[in-house]
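Contents: one structure, followed by commentary.
Just so it is clear, none of the values below were taken in a lab; they were calculated from the coordinates. None of the values given here were measured: they were computed from a predicted structure. Ideal geometry is used to build each Cβ from the backbone, glycine not excepted, and the neighbour counts take in all protein chains shown.
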Amino acid sequence: AQSVTQPDIHITVSEGASLELRCNYSYGATPYLFWYVQSPGQGLQLLLKYFSGDTLVQGIKGFEAEFKRSQSSFNLRKPSVHWSDAAEYFCAVAAHMGRRALTFGSGTRLQVQP
Amino acid sequence: EAQVTQNPRYLITVTGKKLTVTCSQNMNHEYMSWYRQDPGLGLRQIYYSMNVEVTDKGDVPEGYKVSRKEKRNFPLILESPSPNQTSLYFCASALGQGWNGYTFGSGTRLTVV
């Protein structure tokens, strides 16, 4: 069965510092991978996705992610974090395309220090 | 504005009292889905719908019902809510062709006492 692991439950970074959020997936076929962000009291917003092609994908708000098949990873990065990036981040894999089912990781909560 | 609208945002109810959470999307999306979010578990799919009158179970369907009589609406029904259904619920919609991921609603926080 497919699964997604986000090893870091909580991360704190200083404003202006770089950020990397880890995501590892377990899936037998070519995965469809997503990163979503959830601000407090809000729904989930799609940051970026990987379906195929270039393994470095660019998203909104200055985020990027790199797909590494050999490591089964899809880590999210941002070169300089802003206070408004404080939120919870979810990695997800599309396990069942027929029912558009996303399997989510348990999330990483990002705190940004001034 | 393209969006998924859920109502209510917050709901406290008692065990066994039937309730419905409404969901509506204005993007003419074919797919709609309900997820529940619980701490440490991420989001899990409850039910999904591929189009009008086509629905099926997700990963955690027990205790829930859905219907899709119109393309834009996908209500979630709890016929006899129990405390273990206390959760944060999200409705989401997506295109049938050329899927780019889901558009999520703002969530409904349900407490069953």
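Structure above, values below:
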{"item": "Charge-dipole axis of chain B as Lys and Arg at +1 and Asp and Glu at -1 on Cβ define it, positive-most pick from B:Ser82, B:Ser93, B:Thr55", "result": "B:Ser82"}
{"item": "Residues B:Thr15, B:Thr22, A:Thr103, sorted so that the one with the fewest Cβ neighbours within 10 Å comes first", "result": "B:Thr15, B:Thr22, A:Thr103"}
{"item": "Reachable aspartates and glutamates, given that their alpha-carbon falls under 13 Å from the alpha-carbon of A:Lys61 and they are not under 8 places away in the same chain", "result": "A:Asp85"}
{"item": "Magnitude of the charge dipole, the protein assembly as shown, Cβ model with Lys/Arg +1 and Asp/Glu -1, debye to 20", "result": "440"}
{"item": "Chain A, relative contact order [Cα under 8 Å, separation at least 6], %", "result": "37"}
{"item": "Space enclosed by the convex hull of the alpha-carbon atoms of the protein assembly as shown, per residue, Å³", "result": "123"}
{"item": "Neighbour-count order for B:Met50, A:Met97, B:Met27, fewest beta carbons within 10 angstrom listed first", "result": "A:Met97, B:Met27, B:Met50"}
{"item": "Residue among B:Asn100, B:Asn26, B:Asn51 with the largest mean-square fluctuation in a Gaussian network model of chain B, springs linking Cα atoms under 10 Å", "result": "B:Asn100"}
{"item": "Reachable lysines, given that their alpha-carbon falls under 21 Å from the alpha-carbon of B:Lys69 and they are not under 8 places away in the same chain", "result": "B:Lys18, B:Lys57"}
{"item": "Stokes-Einstein D for chain A, Kirkwood Rh over Cα pairs, 20 °C, 1.002 mPa s (µm²/s)", "result": "151"}
{"item": "All aspartates and glutamates inside 14 Å of A:Lys78 as judged from Cα atoms, apart from same-chain residues fewer than 8 positions distant", "result": "A:Glu15, A:Glu20, A:Glu64, A:Glu66"}
{"item": "Order of B:His29, A:His96, A:His10 under a 10 Å beta carbon neighbour criterion, fewest first", "result": "A:His10, A:His96, B:His29"}
{"item": "For chain B: relative contact order, % (alpha-carbon pairs under 8 angstrom, 6 or more apart)", "result": "36"}
